[in-house]
Ligand code: NAD
C-alpha cells in the first residue's frame, strides 16, 4: 500500500481527491489548516487508511511515515479568498511549496503541484497551450494568486532540475462539483445558489467573456493520471468546451428548472476575457480527456451536493 500526502485535502478538490485515492487502496494523510476548507468535506470519510492533520504548511512540515506521493493542493483559490488573504496566498505558494517539495525530496516521493490556468493571465492566444508564457498583471488584485502559482511552478522546476526531485505540474482550469462553497464568489456556485432560490443570476459585464468548466470527477482522473505518469512539464487539465457566461447562466437555469432572470453587473478588475485549455498534451501523454458535459455535470452537482448546501442554508 502506498502513502499519499494531500495538502488542502479538506477543500473542494482535495476532498474529492482523497476519496479517490482511498478507493484505489492508497493510505492518505490529509494536511489542511481549514482556512478555506472544512472538516465537513471529509467527515463522511471513514476509511481506515485516512488521517487528517490540522497543519499550516507555511510552517515547516514534519512527517514521520514513508511517503510515496505528495499532491500539493493547499492554497486559497477563489478571488474572494485571495483578496481576503493576499499575504497568506503568497506565503502558501512560496514557503508552503518549499516545505512540501522538501518533504518530497527527503522521502523520495513524486510531487504534484496544483497550478492554475491563471498563470496565463488575460491570455493573448486562444486556446492556451502549455508553452504559452502568459499575460499577467503582477500588481493587480489577482497578482497575489497568479504570481504565487507562477513562483511555485518555477520552484518546482528548480527542485526537479537542481535536486532531482520527481515532480509534476498540473494547470487546472475552472472545475466545479459538490462541496464548492455557496458564497465563494465563483460563477457556478453563485449561479446555482441564485437559480435554486429563484433569484436573478448576476452576470458580470455583458456575459460575452468565455470560460470552460470541468466536472470534478474528470479533473480528479486527470490529477491521478498525471501523478502516475513520468511527465515533468506542465499539463493543462480542463474541459475544452467553451461557454460564454451568458450561456452558462442559461444552462444553469435550464438544468435547475429555475424561474430566475439574468441581470448584468460591472466586470471585476483584470477579469480574463477568454479561457479555454488546449488539452493536446494531456491527450497525448496521459490518454486523458473529460467525459462529463456541462449540463450533465451541473445535474450531478445538484444531485450530490443537495439544495441546502448549494443555497448556503447550511454553511
Ligand atoms: P479550496 O479553497 O476548496 O481548497 C484549498 C484548501 O487548502 C482548503 O482546504 C484550505 O483550508 C487549504 N489551505 C489553504 N492554506 C493552507 C495552509 N497554509 N496550510 C494548509 N492548508 C491550507 O480550493 P479548491 O478549489 O479545492 O482548490 C484546490 C487547489 O486547486 C488550489 O491550489 C487551487 O489553486 C487549484 N485550482 C483550483 C481550481 C478550481 O476550479 N477549483 C482551478 C485552478 C486551480
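The values are calculated or read from the model by the stated rules, or taken from the named source; none is laboratory data. Since this is a predicted model, take the numbers as computed values, not measurements. Backbone-built Cβ (ideal geometry, glycine too); neighbour counts: all protein chains shown.
Any idea how many residues of region 7-36 are outside any strand (DSSP E or B) and within 18 Å of residue 216 (Cβ to Cβ)? Before the answer, list the steps.
Within region 7-36, the subset outside any strand (DSSP E or B) is 8-26, 33-36.
Filter once more, so that each one left must be within 18 Å of residue 216 (Cβ to Cβ): 8-24, 36.
Number of matching residues: 18.
State whether the residues of region 90-100 include one that is in contact with a strand residue (DSSP E or B) (Cβ under 6 Å, 6 or more places away or on another chain), more than 22 Å from residue 161 (Cα to Cα) and surrounded by 21 or more Cβ atoms within 10 Å (Cβ to Cβ). It would help to see each step written out before you state the result.
Here is the first cut: in region 90-100, the residues in contact with a strand residue (DSSP E or B) (Cβ under 6 Å, 6 or more places away or on another chain) are 100.
Cutting the leftovers down to more than 22 Å from residue 161 (Cα to Cα) gives us none.
Taking every residue of region 90-100 in turn, none turns out to be in contact with a strand residue (DSSP E or B) (Cβ under 6 Å, 6 or more places away or on another chain), more than 22 Å from residue 161 (Cα to Cα) and surrounded by 21 or more Cβ atoms within 10 Å (Cβ to Cβ).
Looking at residue 4 and the list (1) under 17 Å from residue 221 (Cα atoms); (2) more than 7 Å from the ligand (Cβ to nearest atom); (3) part of a helix (DSSP H, G or I), which single condition is not satisfied?
Only one criterion in (1) under 17 Å from residue 221 (Cα atoms); (2) more than 7 Å from the ligand (Cβ to nearest atom); (3) part of a helix (DSSP H, G or I) is unmet by residue 4, namely (3).
Looking only at region 16-41, count how many residues are touching a helix residue (DSSP H, G or I) at 6+ places or on another chain (Cβ under 6 Å) and more than 8 Å from the ligand (Cβ to nearest atom).
Going residue by residue through region 16-41, those that are touching a helix residue (DSSP H, G or I) at 6+ places or on another chain (Cβ under 6 Å) are 16-17, 20, 28, 30, 36, 41.
So of that shortlist, the ones also more than 8 Å from the ligand (Cβ to nearest atom) come out as 16-17, 20, 28, 30.
Residues flagged as touching a helix residue (DSSP H, G or I) at 6+ places or on another chain (Cβ under 6 Å) and more than 8 Å from the ligand (Cβ to nearest atom) within region 16-41 amount to 5.
Keeping to region 31-46, report how many residues are in contact with a strand residue (DSSP E or B) (Cβ under 8 Å, 6 or more places away or on another chain) and more than 12 Å from residue 6 (Cβ to Cβ). Lay out the reasoning, then the answer.
The first filter runs over region 31-46 and keeps only residues in contact with a strand residue (DSSP E or B) (Cβ under 8 Å, 6 or more places away or on another chain), leaving 31-34, 39, 42.
Then drop every residue that is not more than 12 Å from residue 6 (Cβ to Cβ), which leaves 33-34, 39.
Of the residues in region 31-46, 3 are in contact with a strand residue (DSSP E or B) (Cβ under 8 Å, 6 or more places away or on another chain) and more than 12 Å from residue 6 (Cβ to Cβ).
Condition (residue is under 20 Å from residue 209 (Cα atoms) and away from the ligand (no atom under 14 Å from the Cβ)) applied to region 112-122: is it met by at least one residue? If you could, list the steps in order and put the result at the bottom.
Initial filter on region 112-122 (under 20 Å from residue 209 (Cα atoms)): 116-122.
If we keep only those that are away from the ligand (no atom under 14 Å from the Cβ) too, we end up with 122.
Yes: one or more hits.
Does at least one position in region 254-274 carry a residue that is under 24 Å from residue 130 (Cβ atoms), surrounded by fewer than 18 Cβ atoms within 10 Å (Cβ to Cβ) and at pLDDT 95 or above?
no
Using the structure shown, decide if residue 222 is free of Cβ contacts under 8 Å to residues at least 24 places away in the same chain, more than 30 Å from residue 259 (Cβ to Cβ) and surrounded by 17 or more Cβ atoms within 10 Å (Cβ to Cβ). Lay out the reasoning, then the answer.
Working: free of Cβ contacts under 8 Å to residues at least 24 places away in the same chain: no; more than 30 Å from residue 259 (Cβ to Cβ): yes; surrounded by 17 or more Cβ atoms within 10 Å (Cβ to Cβ): yes.
No, not satisfied.
Here is a check on your reading of the model: is residue 192 surrounded by 18 or more Cβ atoms within 10 Å (Cβ to Cβ) and either away from the ligand (no atom under 14 Å from the Cβ) or over 20 Å from residue 16 (Cα atoms) (or both)? Step through it out loud before you land on a result.
On the way: surrounded by 18 or more Cβ atoms within 10 Å (Cβ to Cβ): yes; either away from the ligand (no atom under 14 Å from the Cβ) or over 20 Å from residue 16 (Cα atoms) (or both): yes.
Against the criterion (surrounded by 18 or more Cβ atoms within 10 Å (Cβ to Cβ) and either away from the ligand (no atom under 14 Å from the Cβ) or over 20 Å from residue 16 (Cα atoms) (or both)), residue 192 qualifies.
With region 103-219 as the region, which strands (runs of 3 or more DSSP E) entirely inside it contain at least 1 residues that are under 30 Å from residue 258 (Cα atoms)?
Numbers: elements: 110-116, 167-172, 201-204, 210-212.
The qualifying strands (runs of 3 or more DSSP E) are 167-172, 201-204, 210-212.
Would you be able to tell me the number of residues in region 68-80 that are crowded, with 20+ Cβ neighbours inside 10 Å and either more than 7 Å from the ligand (Cβ to nearest atom) or part of a helix (DSSP H, G or I) (or both)? Break it down into steps so the answer makes sense when it comes.
Going through region 68-80, the residues crowded, with 20+ Cβ neighbours inside 10 Å turn out to be 69-77.
Narrowing the set further to residues that are either more than 7 Å from the ligand (Cβ to nearest atom) or part of a helix (DSSP H, G or I) (or both) leaves 69-72.
Number satisfying all stated conditions: 4.
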